[in-house]
1. Within the range 86-101, name every residue whose backbone N is under 18 Å away from a label modeled 7 Å from Cα of Gln71 along the Cβ vector.
2. Mind listing the long-range amide H neighbours of Gln71? Cut-off is under 5 Å, sequence gap 5 or more, other chains count too, H placed in the peptide plane at 1.01 Å from N.
3. Relative contact order of the range 17-100: what whole-number percent is it, with Cα pairs under 8 angstrom and at least 6 residues apart?
4. What's the extension gain from Ser36 to Tyr19 if we count 0.36 nm per residue and subtract their Cα-Cα distance?
5. Checking the a/c ratio against 1.5 first, then a/b against b/c, what shape does the Cα gyration tensor give for the range 17-100?
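No value in this document is a laboratory result; all are computed from the given coordinates. The shown structure was predicted, so the numbers you read here are calculated from the model rather than taken from an experiment. Methodologically, a virtual Cβ is constructed for each residue, glycine included, from the backbone with ideal geometry; neighbour enumeration extends over all protein chains shown.
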Amino acid sequence: MPGSENIPPANVNQPAEEYPKTAAVLIQSFSFAPASVTIAAGGEITWTNGDSANHTVTGDDWESGAFGKDQTFTKKFETPGVYPYHCSLHPNMTGRVVVME
Ligand SMILES: [Cu+2]
């Protein structure tokens with residue numbers, strides 16, 4: 001078609017990057033913000049504790065351990081799915097990670 005020779009081949013079949021490979025969650029005022037975060041499979045999430053209180057990021061079979069103010073915890077998610085988590089010190093603090101294909 002006319003003009004198609006001007007489209008770089010690399011852009012023709014390349015899918016749109018729909019989901020980020022990295023995301024950040026801030027722990028502030030005893031809640032996770034945002035409470036739900038979506039990343040691409042193989043991506044990493046970093047939680048930063050903005051509270052003076054210690055918190056944890058605890059999933060079904062993964063656990064950050066308690067960490068304090070301005071400290072971070074980073075986890076890589078390889079498998080698509082929904083990963084609910086909470087703070088083991090304050091069980092009312094909940095969040096989830098959604099990992100897309
Ligand atoms: Cu907590």
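1. Only 86-91 pass the distance filter.
2. Asn49
3. Contact order relative to length: 31 percent.
4. Length gained, Ser36 through Tyr19: 4.8 nm.
5. On the way: a/c = 1.96, a/b = 1.66, b/c = 1.18.
In terms of gyration-tensor shape, prolate.
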